[in-house]
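Engineer: Sharing a structure with you now.
The values are calculated or read from the model by the stated rules, or taken from the named source; none is laboratory data. Since the structure is predicted, the reported quantities are computational estimates derived from the model, not experimental observations. Cβ: placed from backbone, ideal geometry, glycine included. Neighbour counts: every protein chain shown.
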């Protein structure tokens, strides 16, 4: 089950919701169902070029998803936050991970790392070093606002 979070700034009125993690619909079988009109990858991978590359890695180079979920990404240039489909594909010649660009400034996005909270069995985000996209202060935090599927 996925987690819904709300990122907010203590200094200004910035507030933005995100859906992270994966739901029950994100099964490996559904991810690899390339020919279905309801193909999950067609929805999650927006770039047709990247989608074709992923299909090629899986079908022609013995590729397999070893990690995938919706992760929080951050733009180091304009400080925007985004939820993007993160995945790793192990294939014959190596490992493939997607690169995403900021929709505002086109800079490469970084994945916001999660620390595992073993007591709650979920990832914890430390946003203390990330500036607010609106006011620029390092005063953003988040709270869990629910679950999604």
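Engineer: Does the stretch 64-85 hold any residues that are within 13 Å of residue 19 (Cβ to Cβ) and more than 8 Å from the chain's Cα centre (by Cα), and which are they?
Structural biologist: Answer for the stretch 64-85, where residues must be within 13 Å of residue 19 (Cβ to Cβ) and more than 8 Å from the chain's Cα centre (by Cα): just 81.
Engineer: Within the stretch 9-16, identify whether any single residue is surrounded by 14 or more Cβ atoms within 10 Å (Cβ to Cβ) and in a strand (DSSP E or B), and answer yes or no.
Structural biologist: So far as the stretch 9-16 goes, yes, one or more of its residues are surrounded by 14 or more Cβ atoms within 10 Å (Cβ to Cβ) and in a strand (DSSP E or B).
Engineer: Hey, among the residues in the stretch 17-58 that are loosely packed, with under 14 Cβ neighbours inside 10 Å and in contact (Cβ under 8 Å) with a residue 12 or more places away in the chain, which one's farthest from residue 135 (Cα to Cα)?
Structural biologist: 28
Engineer: Which one of 122, 97 is on the phi < 0 side of the Ramachandran plot and either surrounded by 16 or more Cβ atoms within 10 Å (Cβ to Cβ) or modelled with pLDDT under 95 (or both)?
Structural biologist: Exactly one of 122, 97 is on the phi < 0 side of the Ramachandran plot and either surrounded by 16 or more Cβ atoms within 10 Å (Cβ to Cβ) or modelled with pLDDT under 95 (or both), namely 122.
Engineer: Within the stretch 1-21, how many residues turn out to be within 30 Å of residue 136 (Cα to Cα) and under 18 Å from the mean Cα position of the chain (by Cα)?
Structural biologist: 12
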